[in-house]
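The values are calculated or read from the model by the stated rules, or taken from the named source; none is laboratory data. Source: prediction; values computed, not measured. A quick note on method: Cβ atoms are made from the backbone with ideal geometry, for glycine too, and the neighbour counts reach across all protein chains shown. In case anyone asks, the SASA skips ligands and DNA or RNA and just uses the protein heavy atoms, side chains included. Shrake-Rupley method; radii C 1.70, N 1.55, O 1.52, S 1.80 Å.
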Amino acid sequence: MGLRAGNWITSLCSHRSVLRENGEAKVPVADCDQKHYDSQEKKTSTLQEYIHYWNGLRKSSEGKQLCLYLKDWHFVQAYPEYDAYTTLQFFASDWLNEFWGVREDIQDDYQFVYIGPKGSWTPFHADVFRSYSWSTNICGRKRWVFYPPGEEQNLRDIYGTPVYDIDSPELRDSSQFPKAASASGRLEVIQEQGQTIFVPSGWYHQVWNLEDTISINHNWLNGTNIHIAWDFLVESVNQVENAIRDCSSMDEWPEQCQLLLKATHGMDYQEFYMLLCTIAHRRINMLQKNEEVISFGHWHLGRNHATYDLKRIQWCLEKLLDDPRLEELQVFTKMEEPPSQLLQEIVQTLS
């Protein structure tokens, strides 16, 4: 076990708020040796149990060596009073976490801590909603492999599923992965302690911990990639509709497709619109009422930036209103502020 990683965990867990209730805080832990569909099998553990594992008891009751990865831990949400880090200015324009930060109906965010031993890894994937992501190594080292957007099509099997492990020998089996030899643009990066990796939207990647490693990771959307998120949302709902086309005569077919979209994609049309609406009103209030927009408690949004954001939201709303599904979804017909009204308000503000 790396001494630096162990020391960081000991320091973290010595903070009373983190180990209150005798370390019974719940954390998500993935078993890197157990595949679950296109990801790894996950279970909920206590922080204390994971620390016990980390401190040397890395074997199961049967004596098998375990490789457990604490990942996607909503640390900031769980311990907002623990001032662990400040988000860099380059990553502060973050609609996704701004949206979740002001919601009152659901508590969630896309700010994570990852803690993994040497050899732990994350399978080949692209980030949620086709968001950007950034990852900073607090300690330890990571190996990253990237492929540009579109190249993942060459790395799918005959059933259309992306390869699980980009270094797997099965990729050389042309009967299973007929286009793998055509994949190009592979990038490989070694990330050292203290370094930050930026992952652009739509870049598939796989990550290995070369040492015991702790990292901080955010996913985020803003005006520069919201069009990619919208296109991916439309692509995802098209896939849902095609998959259950034989049920299209059922009652409330559009709503059922949106339910499945939310379950598989993580967001449906209504929530996408809620995100746009939240960000738009905060920008409108800033430009019209001089209300401040502060990101991560530190970074102040400028007026030119707010104007740019509204122009990008305007683009999205026009796309949303052009989608024929919108008229079929009852939730939009019952809204106090439908998309057409928000669009008009934005146009008036920009003019």
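Could you check how much of the accessible area of the chain is carbon and sulfur, as a whole percent, using a 1.4 Å probe? Using a 1.4 Å probe with all protein chains present, the chain comes out at 48 percent carbon and sulfur.
Mean-square fluctuations from a GNM of the chain, with a 10 angstrom spring cutoff on Cα atoms, peak among Tyr308, Tyr269, Tyr114 at Tyr308. With 0.36 nm allotted per residue and the present C-alpha distance subtracted, the Asp105-Met335 stretch has 81.1 nm of extension available.
Heavy atoms of the protein chains alone define the surface here; on that basis the chain has 51 Å² accessible area per residue at 1.4 Å probe size. Projecting the Cα atoms of Pro80, Gly150, Ala243 onto the charge dipole of the chain (Cβ charges, centred on the Cα centre) puts Pro80 farthest toward the positive pole. Mean projected area of the convex hull spanned by the Cα atoms of region 161-219, taken over all viewing directions: 5.4 nm². Evaluated at q = 0.11, 0.15 Å⁻¹, the base-10 log of the normalised Debye intensity for region 24-113, with identical point scatterers placed on the Cα atoms, takes the values -0.43, -0.74.
Net charge near His205: determine it from the other residues with C-beta under 15 Å of the C-beta of His205, scoring Lys and Arg +1 and Asp and Glu -1. Charge balance near His205 sits at -2. The label point for His52 and the one for Gln256, both projected 7 Å from the Cα toward the Cβ, are 4.7 nm apart. Peptides 258-267, 80-89, ordered by how many other C-beta atoms sit within 10 Å of their residues on average, highest first, read 258-267, 80-89. Applying the criteria of a DSSP loop state and at most 15 other Cβ atoms within 10 Å to the trypsin sites (Lys or Arg not before Pro) of region 57-126 yields Arg58, Lys64, Arg103.
Legend: Rg and Dmax of region 94-185, from Cα coordinates, 17.0, 51 Å.
Cα extents for the chain along the principal axes, largest to smallest and rounded to whole angstrom: 63, 53, 39. Evaluated at q = 0.24 Å⁻¹, a Debye calculation over the C-alpha positions of region 283-351 (equal weights, vacuum) places log10 I(q)/I(0) at -1.03.
Kirkwood analysis of the Cα pair distances in region 161-274 returns a hydrodynamic radius of 17.9 Å.
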